[in-house]
Number of protein chains: 2
Amino acid sequence: MALGVDYARQDCSLARALEVVGERWTLLILRDGFLGVRRFSDFEAHLDISKAVLSARLAALVEAGLLARSEAAGHREYAVTERAHDLWPAIFALTQWGEGLSERPPRRLFEHADCGGRVAPDGRCTACGLVPAPADLETRPGPGADPTVRDDAVSRALRTRRRLLDPLPLR
Amino acid sequence: MALGVDYARQDCSLARALEVVGERWTLLILRDGFLGVRRFSDFEAHLDISKAVLSARLAALVEAGLLARSEAAGHREYAVTERAHDLWPAIFALTQWGEGLSERPPRRLFEHADCGGRVAPDGRCTACGLVPAPADLETRPGPGADPTVRDDAVSRALRTRRRLLDPLPLR
DNA sequence: GTTTTTGGTTCGTTCACCAGACCACGTGCG
DNA sequence: CGCACGTGGTCTGGTGAACGAACCAAAAAC
């Protein structure tokens with residue numbers, strides 16, 4: 001969070017974590033990365049984020065080792081790294097808490113690919129009891145999703161069932 | 001996060017969550033609440049946060065139903081609500097991820113009060129396998145804690161073993 | 001060889017955060 | 001009673017970050 005002034009003086013791991021992922025947009029960018037977004041223009045279209053800020057955040061996340069940049073044919077790609085996988089439980093927990101904020105049914109469901117069980121808010125598969133890694137999860141829109149609010153290519157691609165971390169089939 | 005412009009246009013629970021707890025300082029204030037901090041001046045001393053921002057954050061958290069304000073003898077108190085308890089897994093997950101950012105051993109340990117087992121990064125008690133609620137946790141400084149960085153009353157009180165949510169014995 | 005796509009940078013404005021000054025209210029104390 | 005002090009703020013001016021819009025360079029497409 002801009003590590004403004006005082007976070008550094010906290011002897012606290014939460015403050016350390018927030019120095020890395022606490023800035024505006026950072027967690028949303030990483031979540032999109034888990035959902036399979038890879039390209040600058042796709043992050044931009046899906047998040048409605050200013051290019052300048054997106055550029056800065058991507059650079060910071062690469063610097064922090066949470067995204068890996070690669071040059072593909074004609075463009076760059078940013079993929080979440082192995083190291084970022086450890087952050088998934090925190091992102092998932094926060095997302096599930098966000099689901100609870102409204103009365104609506106869940107906007108997005110996560111299921112354990114191996115056994116098909118739904119993943120509970122604590123990250124555990126309700127069918128087999130395990131806590132699946134992000135690569136073992138599939139996601140699809142839940143009954144509370146509202147397909148009318150957004151109509152970018154990423155949002156459309158996410159209306160089908162997708163395996164986490166798999167690049168989205170865009171263009 | 002100031003719900004600046006575009007978070008509202010996201011059909012996404014993570015964005016909803018960040019609208020409530022994504023602003024700078026908010027999660028640190030809530031964590032302090034779980035640790036037993038209750039009074040304006042104690043939050044202020046422990047976090048080195050500007051009074052204006054602390055005032056705004058406390059009001060927003062009361063508004064969101066995550067803190068409850070009460071008038072005690074000669075002062076006000078802010079206690080984390082039942083509703084905020086649901087946020088503990090997310091705070092804990094982020095904290096544990098922050099621990100992993102450095103090579104040092106953990107700065108703070110969490111133990112299951114009922115059975116004495118250590119709580120793993122996924123929130124589960126390593127002894128009994130349950131996921132204890134915050135009220136069933138005890139915390140104490142870990143081997144990686146650095147008692148020299150801060151010397152306010154809250155930091156001193158947190159050097160002993162404490163039950164979460166219990167008000168800190170200050171003054 | 002011109003246009004389009006991609007991934008940016010630059011610019012001026014707006015807005016949040018900052019430290020520090022100030023303040024209203026209640027309590028304690030001489 | 002009168003005044004300092006503790007508590008929990010608000011107000012102000014300055015600074016830095018985020019914003020939208022415009023511009024741009026390299027590479028690919030046509």
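The values are calculated or read from the model by the stated rules, or taken from the named source; none is laboratory data. All values reported here derive from a predicted model rather than from experimental measurement. Ideal geometry is used to build each Cβ from the backbone, glycine not excepted, and the neighbour counts take in all protein chains shown.
So which of A:Glu19, A:Glu44, A:Glu23 ends up being within 13 Å of DNA strand D (Cβ to nearest atom), at pLDDT 90 or above and in a loop (DSSP other than H, G, I, E, B)?
A:Glu23
Only one of (1) surrounded by fewer than 21 Cβ atoms within 10 Å (Cβ to Cβ); (2) hydrophobic (A, V, I, L, M, F, W, C); (3) more than 16 Å from DNA strand D (Cβ to nearest atom) fails for A:Trp88. Which number is that?
Result: A:Trp88 fails condition (1) only.
In the list A:Arg163, A:Arg124, A:Arg107, which residue meets the criterion of being closer than 22 Å to B:Leu87 by Cα and in contact with a Leu (Cβ under 8 Å, 6 or more places away or on another chain)?
Just a single option satisfies the conditions, and that option is A:Arg124.
Only one of A:Ala60, A:Ala56 is away from every other protein chain (no Cβ under 12 Å), surrounded by fewer than 15 Cβ atoms within 10 Å (Cβ to Cβ) and assigned to a helix (DSSP H, G or I). Can you tell me which?
A:Ala56
For the subset of region A:116-142 comprising residues that are within 14 Å of B:Val131 (Cα to Cα) and not acidic (Asp, Glu), which member is farthest from the chain's Cα centre (by Cα)?
It comes out as A:Gly129.
Does B:Glu77 satisfy the criteria of being acidic (Asp, Glu) and crowded, with 19+ Cβ neighbours inside 10 Å?
Spelling it out, it is not the case that B:Glu77 is acidic (Asp, Glu) and crowded, with 19+ Cβ neighbours inside 10 Å.
Being within 11 Å of DNA strand D (Cβ to nearest atom) and among the acidic types (Asp, Glu) is the filter here; which residues of region A:47-79 pass it?
A:Asp48, A:Glu71 - these are the residues of region A:47-79 that are within 11 Å of DNA strand D (Cβ to nearest atom) and among the acidic types (Asp, Glu).
Right, B:Arg69: free of Cβ contacts under 8 Å to residues at least 40 places away in the same chain, away from chain A (no Cβ under 13 Å) and of a type in the set (Lys, Arg) or not?
Criteria met by B:Arg69.
When region B:30-44 is examined, which residues are found to be away from chain A (no Cβ under 12 Å) and surrounded by fewer than 20 Cβ atoms within 10 Å (Cβ to Cβ)?
Matches in region B:30-44: B:Arg39, B:Phe40, B:Ser41.
Being under 15 Å from A:Ala15 (Cα atoms), of a type in the set (D, E, K, R) and more than 10 Å from DNA strand C (Cβ to nearest atom), is that true of even one residue in region B:31-40?
Checked region B:31-40: at least one residue is under 15 Å from A:Ala15 (Cα atoms), of a type in the set (D, E, K, R) and more than 10 Å from DNA strand C (Cβ to nearest atom).
I'd like to verify a number: residues in region A:122-159 that are under 14 Å from B:Ser13 (Cα atoms), at pLDDT 90 or above and surrounded by fewer than 17 Cβ atoms within 10 Å (Cβ to Cβ), how many?
4
When you scan region B:133-167, how many residues do you find that are out of contact with any strand residue (DSSP E or B) (no Cβ under 6 Å at 6 or more places or on another chain), within 27 Å of A:Pro89 (Cβ to Cβ) and assigned to a loop (DSSP other than H, G, I, E, B)?
So the answer is 8.
I'd like the full set of residues that are of a type in the set (A, V, I, L, M), closer than 25 Å to B:Pro167 by Cα, away from chain A (no Cβ under 14 Å) and in a loop (DSSP other than H, G, I, E, B), limited to region B:73-132.
Selection gives B:Ala73, B:Ala113.
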